[in-house]
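The values are calculated or read from the model by the stated rules, or taken from the named source; none is laboratory data. Since we're looking at a predicted model, the values are computed, not measured. Quick reminder, even Gly has a Cβ in these numbers, built from the backbone with ideal geometry, and neighbours come from all protein chains shown.
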Amino acid sequence: MAITQAELGRRLRVARDACGLTQETVAQELGVSRPAVTQMEAGNRAVSSLELSRLAFFFGRDIREFLGEHFRDEDVLGALFRAQPAITQNPAVVAKLRECVALGRELSNLESLLGTGRPVALPATYHFPPPRTRWEAVQQGAQAATEERRRLGLGVGPVPSLPELLDTQGVRTGIVDLPDEVSGIAFTDPTLGLFVVANREHHELRRRFSFAHEYGHVLLDRAHPSVVSLTTDREELPEVRANSFAANFLMPAEGVRSFIVGLGKGLPSRQSAHVFDEAEAVAVEARTAPGTQDIQLYDVVQLAHQFGVSRSTAIFRLKNLKMISDEEAERLHGLDDEGRGKEIAKLLGLPELDHEKARNEFRRRFLGLALEAYRRGQVSRAKVRELSAMVGLTDRDFGRLLSGAGLDRTTDENESVEVLVPGDEE
């Protein structure tokens, strides 16, 4: 049943209010006067399909929500702005959030079309009271990481590919160009599902940590539908807890200690025991030779490679586990900053990461779904072009992609599909 023009106007006003936007801001986005927006929301002015499409994107909504039978007063973007109002003061971040929401919706729609959807709710949620101190936040993050590793059967070894692991838990992942101060975003929404995004501009190993960090938010902060992780907020308790989760999830204490011991390091300088024979105890003591247990940069290089983290992360983890002192950590950081860690990794024959391949992993998956939907006749060529542009393909590359895939049809029966909006009939 088609909605009335008045109902469409009401929904547009509700969506605007949910995002905390003014009519003036919306007018500037559409390139119209503020009175025109007032009339639009009052149901006295028709809304073109192009205007509705732009407004849906601007409000972080699916255009079908404005035209369907049911309409939610608040959506993921509005909930995020309410939870983190300071974000609205950063236009660059807000613009990228809109892009991420749109990308997540398109990914969800493609999976739905192809029958590859996933459950919206995770099987696990960890309920802790809001941490009151940083130490409490650290402890909660560590405990949740230990429980989640146990639930997933990971033992104490390295975690496999984070996107693949999160996918098995019903969490979509994306790699998107974001402002440098944003490391990642976690979305939870009935229509968007669970969607975790990491910054494409960051190093692959940093993105891996970001995926673990955002997964921590998904597991621990479900009361907040969406969370934007900003470097400026790293001292906030939820961020401290998510960072603790990521560090413990990627590098479990027992696994780190076991690996270092395997390198002949990590033992205390002095060990003692008492042997009891039912009558009396005999004291036994052993000492390691001075300097033999000192962890070196080549140990850090191997540890980082083993667990798939940066050398800096590995050093901090060793420090937090009290396996190296503050002075030793500073020394190791200094050596690595000089480029010695990278050189050692190369000489040890450790494989270098294919950063370009990793950066484009999401684009490959996303466009693969789009091409399959097009092949099945479920989306138009124009839609595939639109989706390609969302992940950075030029029109020329889009044409080459279709040609290479053998899908460069000269006619497309779906090309003329349009969305009818109240007021367009005339």
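For region 4-35, residues that are surrounded by fewer than 17 Cβ atoms within 10 Å (Cβ to Cβ) and hydrophobic (A, V, I, L, M, F, W, C) total 2. Would you check if there is a residue in region 119-129 being more than 18 Å from the chain's Cα centre (by Cα), buried (at least 16 other Cβ atoms within 10 Å of the Cβ) and farther than 20 Å from residue 306 by Cβ? Within region 119-129, one or more residues are more than 18 Å from the chain's Cα centre (by Cα), buried (at least 16 other Cβ atoms within 10 Å of the Cβ) and farther than 20 Å from residue 306 by Cβ.
Here are some residues: 108, 112. Which one is over 20 Å from the mean Cα position of the chain (by Cα), under 30 Å from residue 55 (Cα atoms) and not in a loop (DSSP other than H, G, I, E, B)? I'd like the intermediate steps shown before the answer.
On the way: 108 fails: over 20 Å from the mean Cα position of the chain (by Cα).
Just one listed residue meets the conditions, 112.
Out of region 245-260, which residues are assigned to a helix (DSSP H, G or I) and either aliphatic (A, V, I, L, M) or over 16 Å from the mean Cα position of the chain (by Cα) (or both)? Selection gives 246, 247, 248, 250, 253, 254, 255, 256, 257, 258, 259, 260.
Please verify whether residue 56 is under 24 Å from residue 194 (Cβ atoms), touching a helix residue (DSSP H, G or I) at 6+ places or on another chain (Cβ under 7 Å), part of a helix (DSSP H, G or I) and not assigned by TED's automatic domain parsing to the domain that holds residue 231, treating the condition exactly as stated. Outline the logic, then answer.
Numbers: under 24 Å from residue 194 (Cβ atoms): yes; touching a helix residue (DSSP H, G or I) at 6+ places or on another chain (Cβ under 7 Å): yes; part of a helix (DSSP H, G or I): yes; not assigned by TED's automatic domain parsing to the domain that holds residue 231: yes.
Against the criterion (under 24 Å from residue 194 (Cβ atoms), touching a helix residue (DSSP H, G or I) at 6+ places or on another chain (Cβ under 7 Å), part of a helix (DSSP H, G or I) and not assigned by TED's automatic domain parsing to the domain that holds residue 231), residue 56 qualifies.
Looking across region 37-81 at every residue that is surrounded by fewer than 15 Cβ atoms within 10 Å (Cβ to Cβ) and among the aliphatic types (A, V, I, L, M), the one that is nearest to residue 9 (Cα to Cα) is identified as 42. Whether a residue is modelled with pLDDT under 90 and under 26 Å from residue 178 (Cβ atoms) was assessed, and residue 121 does not pass this test.
Return the pairs, sorted by first residue and then second, in which the second residue is assigned to a loop (DSSP other than H, G, I, E, B) and among the acidic types (Asp, Glu), the first residue lies in region 42-61 and is more than 16 Å from residue 76 (Cβ to Cβ), the beta carbons are less than 9 Å apart, and the residues are 6+ apart or on different chains. Once the first residue is more than 16 Å from residue 76 (Cβ to Cβ) and sits in region 42-61, its partners that are assigned to a loop (DSSP other than H, G, I, E, B) and among the acidic types (Asp, Glu) give 46/424; 46/426; 47/424; 48/424; 49/418; 49/424.
Working carefully through the options 403, 388, 380, find the one that is modelled with pLDDT of 95 or more and not aliphatic (A, V, I, L, M).
Values: 403 fails: modelled with pLDDT of 95 or more; 380 fails: modelled with pLDDT of 95 or more.
Going through 403, 388, 380 in turn, the sole match is 388.
Taking the conditions (1) touching a helix residue (DSSP H, G or I) at 6+ places or on another chain (Cβ under 7 Å); (2) at pLDDT below 90; (3) of a type outside the set (S, T, N, Q); (4) assigned to a helix (DSSP H, G or I) in turn, residue 65 satisfies each one other than (1). Close Cβ contacts (under 9 Å, 6 or more residues apart or on different chains) running from residues in region 223-239 that are farther than 17 Å from residue 97 by Cβ to residues that are β-branched (Val, Ile, Thr) and surrounded by fewer than 20 Cβ atoms within 10 Å (Cβ to Cβ) comprise 237/133.
For region 152-206, enumerate the residues that are part of a strand (DSSP E or B) and without any contact (Cβ under 8 Å) to a residue 60 or more places away in the chain.
Keep residues of region 152-206 that are part of a strand (DSSP E or B), which gives 171-176, 182-189, 193-199.
Answer for region 152-206, where residues must be part of a strand (DSSP E or B) and without any contact (Cβ under 8 Å) to a residue 60 or more places away in the chain: 171, 183, 184, 186, 196, 198, 199.
Could you please find all residues in region 82-94 being of a type in the set (A, V, I, L, M, F, W, C) and either exposed (fewer than 15 other Cβ atoms within 10 Å of the Cβ) or more than 21 Å from the chain's Cα centre (by Cα) (or both)? Within region 82-94, 86, 92 qualify.
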